[in-house]
Amino acid sequence: MLKELIDQFYLDNQKNKDQTRFYITDAGKCPRAVFFKFKNVPREAMAPRILRIFEHGENIHRSIFNILYRLRIGCVTEVPIPSQEIISGRADAILCIGNENYVLDIKSINSMIFKRMTEPKEENVYQVQLYMHYFNIKKGILLYVDKDQQDLKEFFLDYDEVLCNSLLDKFKNLKGQVEKGEMPVRLTDYPKNWQCSYCQFKDVCKLANGDALNWEEFKQKITG
């Protein structure tokens, strides 16, 4: 009985925000899934278990923030990027260590992934690179927290202008597709890509082929 009440609480409080701008966390994500968010395509509800995992991750962030404040290393947390048209985002923290500024991004992951990790995840690197770009800071830190054992791993990144320009070009291209109503192609490794397993739009995506499609025509097919 209690489990059902708790699960229902999470389901009732699940909110899908209308998306009008890209988020930095969209970097590296499936362009088709991001497109669907802009078009308010009906999505599969997240399981309460997943929502609890997200909430636990937020609690881990707050714990790390508390330690950073106590270390007195010039810490500013949850810093929005400068306002601009296409992208919005908020860095976990900006630190000053040894008279040098760093953008910090914190990620909590399970023990199995943590133990095997020898380098940062590609999509996480993209996000930190964009934060460095918008804050004009040349160094970043990706801090991974093993949420099961509370171990830490850190990876230091240098700003990569070429990579950032490539990521921004992809956002601009996707923005054009959203405005023109051109549904992006599927991921080349669909459906084996890890994003496909967790995608809230997988049922809608299955109804389309892998090519770029006219959104309005496809919308007519799925809505009748």
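Worth a mention:
- Residue match in segment 49-66 (condition: open to solvent by less than 50 Å² (accessible area, probe 1.4 Å), of a type in the set (A, V, I, L, M) and either assigned to a loop (DSSP other than H, G, I, E, B) or over 26 Å from Y102 (Cα atoms) (or both)): yes
- Matching residues, segment 9-39, being of a type in the set (K, R) and either open to solvent by less than 50 Å² (accessible area, probe 1.4 Å) or outside any loop (DSSP other than H, G, I, E, B) (or both): R32, K37
- For the condition outside any loop (DSSP other than H, G, I, E, B), hydroxyl-bearing (S, T, Y) and open to solvent by 60 Å² or more (accessible area, probe 1.4 Å), S197 qualifies.
- Candidate set: segment 76-100, residues that are in contact with a Lys or Arg (Cβ under 8 Å, 6 or more places away or on another chain) and at negative phi; chosen: the one most open to solvent (accessible area, probe 1.4 Å): E85
- Exactly one residue out of V145, V103 is in contact (Cβ under 8 Å) with a residue 60 or more places away in the chain, open to solvent by less than 70 Å² (accessible area, probe 1.4 Å), in a strand (DSSP E or B) and not small (G, A, S): that is V145.
- Among (1) in a loop (DSSP other than H, G, I, E, B); (2) surrounded by 19 or more Cβ atoms within 10 Å (Cβ to Cβ) - the single one I73 does not satisfy: (2)
- The condition of being of a type outside the set (G, A, S) and farther than 29 Å from E85 by Cα holds for only one of D169, D148, D160, that being D148.
- Flag if F155 is open to solvent by less than 100 Å² (accessible area, probe 1.4 Å), among the aromatic types (F, W, Y) and outside any strand (DSSP E or B): no
- Annotation note: Cβ proximity below 8 Å between a residue of segment 208-219 that is open to solvent by 70 Å² or more (accessible area, probe 1.4 Å) and a residue that is part of a strand (DSSP E or B) and not aromatic (F, W, Y) (sequence gap 6+ or interchain) occurs for N214/E182; N214/M183.
- Residue in segment 167-178 that is aromatic (F, W, Y), open to solvent by 30 Å² or more (accessible area, probe 1.4 Å) and part of a helix (DSSP H, G or I) present: no
The values are calculated or read from the model by the stated rules, or taken from the named source; none is laboratory data. Please read these numbers as outputs of a predicted model, since none were measured by experiment. Please note: Cβ atoms are built from the backbone with ideal geometry, for glycine as well, and neighbour counts cover all protein chains shown. Surface accessibility is based on the protein's heavy atoms, side chains included, excluding ligands, DNA and RNA. Shrake-Rupley method; radii C 1.70, N 1.55, O 1.52, S 1.80 Å.
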